[in-house]
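Beneath this line is the structure, given in structure tokens, with notes to follow.
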Amino acid sequence: MNNVLIACGLQRAYFHSTGTRYLGERAEVLKVRLVEYLKSVPKDTVIFYVREVHQTNDTFFLNSKSYALVGTPDIEILEIFKPYAKFIVNTTRYSALYRTPLESELSKLSPKTVTVIGVETHTNVLFTAEELRNMGYEVAVPEPLTCSEDDYLHTAAINLLSNTLSVRVT
């Protein structure tokens, strides 16, 4: 049984000042926390980075500006995170499991618990955790290793994770 970590959105769109969804000070604080955490992850942990990659004609995100478009710097994993990546999975939706090979990979690994970190707590982290819970996995979300574009959405997501989905929020 392996330890599994899913890191959502560790890409330029959110973490670089030129990214189309740059999270400002939240991103800068989270970068420091994430690098420290990733340095300490046990060697037997399988780490999946999940990045959003969208087509220009993707109508799913009608209410938000286009971001993480295929062929743009937005989809690049930030350099400071690259040394820790074991696998990179592209997704077109908030859930890391939507039409990706991640479900199959998890099935092979048979983890008891899957830890989810990254951005945005109210979308990527929440919907990935929800799918994992539906599949029967225990899920852990270390709150200091997540953030959202605003505090209200972050708090709402943490409450849903903990109180509705029975995710272990630490």
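Condition test on residue 106, is it under 19 Å from residue 163 (Cβ atoms), among the hydrophobic types (A, V, I, L, M, F, W, C), in a helix (DSSP H, G or I) and within 16 Å of the chain's Cα centre (by Cα)? Answer is no for this residue. Can you pull out every residue in the range 109-143 that is part of a helix (DSSP H, G or I) and either within 9 Å of the chain's Cα centre (by Cα) or under 11 Å from residue 8 (Cβ atoms) (or both)? The answer is 121, 123, 124, 125, 126, 127, 128, 129.
Here residue 49 meets each of (1) under 15 Å from residue 100 (Cβ atoms); (2) at pLDDT below 80 with one exception, condition (2). A count restricted to the range 93-115 and to residues that are surrounded by fewer than 17 Cβ atoms within 10 Å (Cβ to Cβ), touching a Ser or Thr at 6+ places or on another chain (Cβ under 9 Å) and not aromatic (Phe, Trp, Tyr) stands at 1.
Note on the range 73-97: residues that are touching a residue at least 12 places away in the same chain (Cβ under 8 Å), of a type outside the set (Gly, Ala, Ser) and part of a loop (DSSP other than H, G, I, E, B) total 9.
Among the conditions (1) buried (at least 18 other Cβ atoms within 10 Å of the Cβ); (2) part of a helix (DSSP H, G or I), residue 21 misses just one, which is (2). If you go through the range 144-166 one residue at a time, do you hit one that is touching a Phe, Trp or Tyr at 6+ places or on another chain (Cβ under 7 Å) and in a helix (DSSP H, G or I)? Checked the range 144-166: at least one residue is touching a Phe, Trp or Tyr at 6+ places or on another chain (Cβ under 7 Å) and in a helix (DSSP H, G or I). For the range 1-29, filtered to residues that are of a type in the set (A, V, I, L, M, F, W, C), out of contact with any helix residue (DSSP H, G or I) (no Cβ under 7 Å at 6 or more places or on another chain) and farther than 22 Å from residue 70 by Cα, the residue that is modelled with the lowest pLDDT is 1. Taking residues in the range 144-170 that are over 18 Å from residue 10 (Cα atoms) and in contact (Cβ under 8 Å) with a residue 24 or more places away in the chain, and partners anywhere that are in a helix (DSSP H, G or I) and among the basic types (Lys, Arg), the pairs with Cβ atoms closer than 6 Å and at least 6 places apart or on different chains are 165/133. The requirement of being of a type in the set (Val, Ile, Thr), surrounded by fewer than 19 Cβ atoms within 10 Å (Cβ to Cβ) and modelled with pLDDT of 95 or more is fulfilled nowhere in the range 55-71; no residue meets it. May I ask you to verify whether residue 68 is of a type in the set (A, V, I, L, M, F, W, C) and at positive phi? Answer is yes for this residue.
Residue by residue, here is whether (1) within 24 Å of residue 138 (Cα to Cα); (2) over 17 Å from the mean Cα position of the chain (by Cα) holds:
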position: 7; (1), (2): yes, no
position: 12; (1), (2): no, no
position: 31; (1), (2): no, no
position: 44; (1), (2): yes, yes
position: 50; (1), (2): yes, no
position: 55; (1), (2): no, yes
position: 67; (1), (2): no, no
position: 75; (1), (2): no, no
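The values are calculated or read from the model by the stated rules, or taken from the named source; none is laboratory data. Note that this is a predicted model, so its numbers are computed, not measured. Neighbour counts run over all protein chains shown; Cβ positions are idealised from the backbone, glycine included.
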